[in-house]
Amino acid sequence: MFDTPAQAHQVIEERFAPNMVEMVAGALRPAIVFSAKNDDKLGGSRIGGTPDLPKVIEWPRRPVPDDVDEIAKRAGEPFDADLRQHLAAGLPYAFIAQVNLGEAAGLGDVAKSLPDAGRLLFFYDMIAGPFDTGEQSAKVIWDRSPTDALAHADMPDSLVTAASAYRTMIDDTNRQYGIQPDARPAGTPLPGTPYGGPSRPMALKAALQLPSFSSLEFEATGRLVTTYSADRAVIGGAQAFSQAYDALSGEADRETLLLGAPVPEQDDPRYDAVVVSDYNTQSLSREDWAKNRTKVMETAKDWRLLLQLSVPGWMQDSGEGTVYFLIRDKDLQDRAFERVVAVYQQT
């Protein structure tokens, strides 16, 4: 990520041949990143912890799905039994992040697609979500309540109980296998669990990013795609250009990203959003993908990244994967945040 166009241009000049600089710089895109701060204001931007809610909004709870058994089977034995039990419990979602929209609006055009007042509250089922791409695993709320109507919400008792049981299970497993947990500096808050992450107040900052070669934004760069692909195709060559591009675009902070281009761990997560939304399935067979690839890739252009979150970053502990909250352009314009689709990826 780069703070300014001048900074981006300087770094690009240092890493690429002169005739490649403008081509690479032309791929830069605006995004919003999060940076830690000390003061945690009511209604401010935050990752983890608990949301600030008015009395009229309850912490959302995941409805018990109609297809519990089908979702549980995706985890495979012996994990399917635990997943089935989790889904049947209908627990509240884990709280992911709170975004102060007034703060975002103050960054200018980079946030123009978002509402300019209130807060976006992001929730996710971190247990079942990796096995259940779609709308069911996530909840995004646009809260427009005045700040003086807010209060720091307490984590629901059922999530507190689940988090405690999870920590006990981890401790028992570590003892069984003689694993010593990593030492943590004094005063460091407890790491999170799939039911909640430590509270980290955040400031929003406008930035520029180079899109990952796996993203739709990269595919739309024309000459850059051609140059990158030709370089990758060289057998036995240094592949200097593609390696330099991957190194620079890979320096983008994957931990948390608002808007911008997703940084995929696999393919662009918007393909998954299209498949689950338009084809009513978690994935397409190889034959069906080949048949529908062009349509899926074209339809994916109607979707955009709303929020991207690293699971280890959110938990402040060991973990895997990235969660992408995705929304159609039309739904974002209509403020239909209830139609957000969550996609989980891990390498």
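Listing for the model above:
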| item | result |
| --- | --- |
| Failed condition for N280, given (1) part of a strand (DSSP E or B); (2) out of contact with any Phe, Trp or Tyr (no Cβ under 8 Å at 6 or more places or on another chain) | (1) |
| Inter-residue pairs, beta-carbon under 7 Å, first touching a residue at least 40 places away in the same chain (Cβ under 8 Å) and in the range 332-345, second among the β-branched types (V, I, T) and part of a helix (DSSP H, G or I), 6+ apart | V341/V276 |
| Matching entry among S242, S310 (being in contact with a Lys or Arg (Cβ under 7 Å, 6 or more places away or on another chain), of a type outside the set (F, W, Y) and farther than 21 Å from L224 by Cβ) | S310 |
| First in the range 13-25 and closer than 18 Å to S212 by Cβ and in contact (Cβ under 8 Å) with a residue 24 or more places away in the chain, second anywhere and in a helix (DSSP H, G or I) and of a type in the set (D, E, K, R), Cβ under 6 Å, 6 or more apart | M23/R223 |
| Hey, Q239 over 30 Å from A163 (Cβ atoms) and modelled with pLDDT of 90 or more or not | no |
| Residue match in the range 39-59 (condition: touching a Pro at 6+ places or on another chain (Cβ under 6 Å), at pLDDT 95 or above and crowded, with 22+ Cβ neighbours inside 10 Å) | yes |
| Among the candidates V296, V275, V311, residue that is within 30 Å of P181 (Cα to Cα) and buried (at least 18 other Cβ atoms within 10 Å of the Cβ) | V311 |
| Test: residue in the range 68-81 that is in contact (Cβ under 8 Å) with a residue 24 or more places away in the chain, part of a loop (DSSP other than H, G, I, E, B), among the small types (G, A, S) and under 18 Å from M202 (Cα atoms) | no |
| Failed criterion for G260 (all others in (1) within 14 Å of F213 (Cβ to Cβ); (2) under 25 Å from the mean Cα position of the chain (by Cα); (3) at pLDDT below 95 hold) | (1) |
| Scan of the range 103-118 for residues that are within 12 Å of L306 (Cα to Cα) and touching an Asp or Glu at 6+ places or on another chain (Cβ under 7 Å), ordered by number | none |
| Qualifying residue in the range 293-305 (condition: basic (K, R) and touching a strand residue (DSSP E or B) at 6+ places or on another chain (Cβ under 8 Å)) | yes |
| Candidates D317, D334 - the one that is out of contact with any Asp or Glu (no Cβ under 8 Å at 6 or more places or on another chain), more than 20 Å from S199 (Cα to Cα) and not polar (S, T, N, Q) | D334 |
| Selection status of D82, of a type in the set (D, E) and over 25 Å from the mean Cα position of the chain (by Cα) | no |
| Selection count, the range 180-199, where residues are surrounded by 10 or more Cβ atoms within 10 Å (Cβ to Cβ) and in contact with a helix residue (DSSP H, G or I) (Cβ under 9 Å, 6 or more places away or on another chain) | 10 |
| Number of the condition not met by S158 [criteria: (1) small (G, A, S); (2) closer than 15 Å to G196 by Cβ; (3) within 17 Å of the chain's Cα centre (by Cα)] | (3) |
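The values are calculated or read from the model by the stated rules, or taken from the named source; none is laboratory data. Computed from a predicted model, the values in this text were never measured in an experiment. Quick reminder, even Gly has a Cβ in these numbers, built from the backbone with ideal geometry, and neighbours come from all protein chains shown.
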